[in-house]
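Contents: one structure, followed by commentary.
Quick note: the coordinates plus some simple rules give every number you see, no bench work behind them. This is a predicted model, so every value here is computed, not measured. Counting neighbours? That spans all protein chains shown, and the Cβs are built from the backbone with ideal geometry, glycine included.
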């Protein structure tokens with residue numbers, strides 16, 4: 001892929017010991033939405049359907065007593081809970097390591113924490129980190145499959161997959177129909193703090209692969225022009241109403257106060273321009289699905305009326321977290337009879 | 001010490017406009033004779049057969065971090081200079097961002113003491129302000145007397161206009177260049193790579209081109225106010241800053257600059273999956289900037305190739321990209337990269353490549369008597385095979401540190417021997 005290109009092509013490795021950053025990434029990992037081919041996306045979503053419908057006792061045999069570690073360097077409600085429920089639903093043993101109650105507080109590095117978890121028998125690590133790219137480091141350090149539960153501003157691939165599942169349910173398209181054209185007639189607007197959003201990046205990398213047109217919408221401070229060049233199929237629209245009018249699906253994002261890094265935003269102005277309000281939605285996007293990855297700041301990017309209203313897909317998104325993450329865990333920990341990794 | 005006779009080599013000495021088959025006799029640390037092949041009769045001398053090799057003045061690196069005093073877990077003067085010798089260098093200029101900062105004559109002398117075990121010449125560059133805090137000038141005259149050849153706050157650029165103006169004035173009085181790491185750090189907080197699409201995609205905060213060019217332009221404006229001032233721009237990385245230097249030179253100002261091998265050999269794409277061995281400051285830039293560096297080297301705007309050799313311990317680099325320190329090693333790959341990229345790919349004549357590593361850096365920083373060979377001059381030389389292909393392995397490096405993006409790279413031109421003051425500092 002493009003990221004590994006160099007100005008001068010790197011010659012084949014002759015050294016006996018490849019350096020740390022050349023260690024292979026376990027193929028069961030899910031680190032970037034760009035890692036998934038279209039058939040893989042289809043397979044993961046089909047697998048999620050199978051796992052969701054499966055008898056709970058049979059399902060619990062799939063990863064019975066396999067060891068899954070959740071390593072969380074940032075707070076999380078939805079992602080952590082759904083990964084944990086997914087792993088437990090598949091019969092795995094889980095352990096949660098969070099930065100405030102572990103040796104991370106004492107200055108232990110990510111590499112050492114990963115090696116420690118592996119030595120304790122972890123077969124898969126689910127990582128949330130405030131640092132972009134941290135899952136690659138963990139995967140290189142441990143050789144284990146790493147599931148990215150959000151890294152810095154970079155990516156949140158499991159969120160993009162559960163968002164896709166929500167969109168397909170809304171569009172009444174079954175998972176088996178997933179192809180590079182399945183979303184050809186669909187326009188998705190992602191609105192708000194794109195700059196700091198890993199959800200936006202993962203969705204923007206995933207949806208165009210399936211043929212969707214993706215509109216990025218927000219003020220220049222939170223949406224630089226370069227964003228549209230990230231991958232083909234993206235465009236920028238500063239006017240929220242214009243974006244809404246063009247959209248089948250609208251994804252609202254929170255302003256990430258914790259990552260603003262000195263950037264000052266006029267919040268009142270932001271609300272006026274970009275808030276999902278009932279009157280606005282009714283006027284220009286009365287049929288659109290309104291999504292939000294959470295956490296919602298009610299009254300900021302979205303009003304209570306819209307979040308709780310009939311067009312809201314927010315609860316369905318949360319619901320889809322467990323089946324998607326079950327599918328990713330099964331994929332990571334190897335094939336069983338059904339739903340295994342190809 | 002026994003005399004050394006180097007026979008059958010091709011002497012390329014850009015400083016004296018020499019490119020011819022020559023034998024050289026080294027005696028008492030000096031060049032005793034340079035003659036056509038077979039002309040020198042020296043019984044009792046050690047003979048080095050340089051057939052097929054180029055004999056060049058020892059290379060000069062005007063920008064290295066040797067980490068002593070205070071950070072010897074990363075590198076020592078002994079290990080850093082051993083790596084330099086293996087890379088063909090006989091002189092390196094050591095940056096002052098040590099612990100403590102080299103802002104006194106005592107530290108400047110300490111670095112040059114024989115007890116440091118340097119394999120080659122170390123010329124300290126002293127801090128421009130006390131503690132490199134950008135507030136109070138250090139004592140330039142005392143630092144110069146102690147051996148400092150320039151002043152800089154490398155890594156912590158001098159941002160204040162008034163203090164930079166003071167530094168230029170004080171340095172000019174002493175005949176010293178002011179070296180600036182051109183980065184407006186007010187624009188780069190929390191940033192770890194080049195600004196642009198790739199940074200956006202990787203979710204990393206980007207260092208804009210303007211952070212470099214803006215400070216270079218500001219510094220050039222200040223140089224105009226100080227007659228005879230000499231500004232040297234460290235590790236230039238952007239077309240915009242290069243254009244500013246080019247214009248300043250045209251306007252007759254004394255502004256010089258250097259570029260690193262990684263900035264002419266690599267682009268930001270080398271970061272791949274957040275490889276911290278591609279993290280340095282200034283960052284690897286876009287292809288258009290890399291191409292501009294090549295152009296600046298070809299057209300002569302860029303005075304020197306300098307490595308910015310920045311060793312770090314393994315555990316420091318095996319971290320999340322944002323947390324890992326900036327910098328890569330470079331002393332053992334500089335010549336091979338220069339030959340591969342500039343000579344082979346861009347057809348720069350060998351003499352011109354070597355000039356960027358010998359006479360021109362010496363001239364840029366006013367290092368008199370270095371970077372060229374003449375009868376009676378100090379005998380610092382490198383012998384290398386310009387066509388030998390070899391693979392660089394970080395594990396084999398003489399440096400304490402292995403943080404290089406060039407591990408496993410095929411390079412052109414391999415050093416066979418480095419000679420300093422008539423003794424062999426490195427021989428393969």
Rounded tilt (10° steps) of B:239-250 against the dominant C-alpha axis of chain B: 70
Length-normalised contact order for chain B - Cα pairs under 8 Å, 6+ apart - percent: 20
Sequence of A:62, B:414 once ranked by neighbouring C-beta atoms within 10 Å, starting from the fewest: B:414, A:62
Inter-part distance where the range A:242-283 and the range B:258-332 are each reduced to a Cα centre, Å: 39
Three-way shape label, the range B:1-132, alpha-carbon gyration tensor, a/c 1.5: prolate
Among B:58, B:369, B:330: highest mean-square fluctuation, GNM of chain B, C-alpha pairs under 10 Å: B:369
Separation of the residue A:239 and residue A:260 label points, Cα + 7 Å toward Cβ, nm: 2.8
Principal-axis tilt of helix B:209-223 within chain B, Cα atoms, nearest 10 degrees: 80
Highest-MSF residue in chain B out of B:214, B:70, B:44 [GNM, Cα springs under 10 Å]: B:44
Candidates B:57, B:177, B:227: whichever shows maximal mean-square fluctuation once chain B is modelled as a Gaussian network with Cα springs under 10 Å: B:227
Space enclosed by the convex hull of the alpha-carbon atoms of the protein assembly as shown, per residue, Å³: 165
Centroid-to-centroid separation of the range A:216-231 and the range A:101-131 [C-alpha atoms, Å]: 34
Value of D in µm² per second that Stokes-Einstein yields for the range B:193-303, Kirkwood Rh from Cα pairs, at 4 °C (1.567 mPa s): 90
Whole-number Å³ per residue for the convex hull built on Cα positions in chain A: 151
Relative contact order %, chain A, counting alpha carbon pairs below 8 Å whose residues are six or more apart: 21
Likely footprinting exposure, A:51, A:120, fewest C-beta neighbours within 10 Å first: A:120, A:51
Tensor-based shape of the range B:58-364 (alpha-carbon gyration tensor, a/c under 1.5 rounded, otherwise prolate or oblate): rounded
Antiparallel content of DSSP bridges confined to the range B:58-364, in %, to 5: 5
Gained length - residue B:288 relative to residue B:136, 0.36 nm times residue gap less alpha-carbon distance: 50.9 nm
Value of [θ]222 nm, deg cm²/dmol, for chain B, DSSP H segments ≥ 4, -39500 (n - 2.57) each, nearest 500: -7000 deg cm²/dmol
C-alpha long axis of helix A:78-89 to longest principal axis of chain A, angle in °: 50
Order of B:6, A:25, A:173 under a 10 Å beta carbon neighbour criterion, fewest first: A:173, A:25, B:6
Alpha-carbon centroid distance for the pair the range B:155-212 / the range A:139-189, whole angstrom: 40
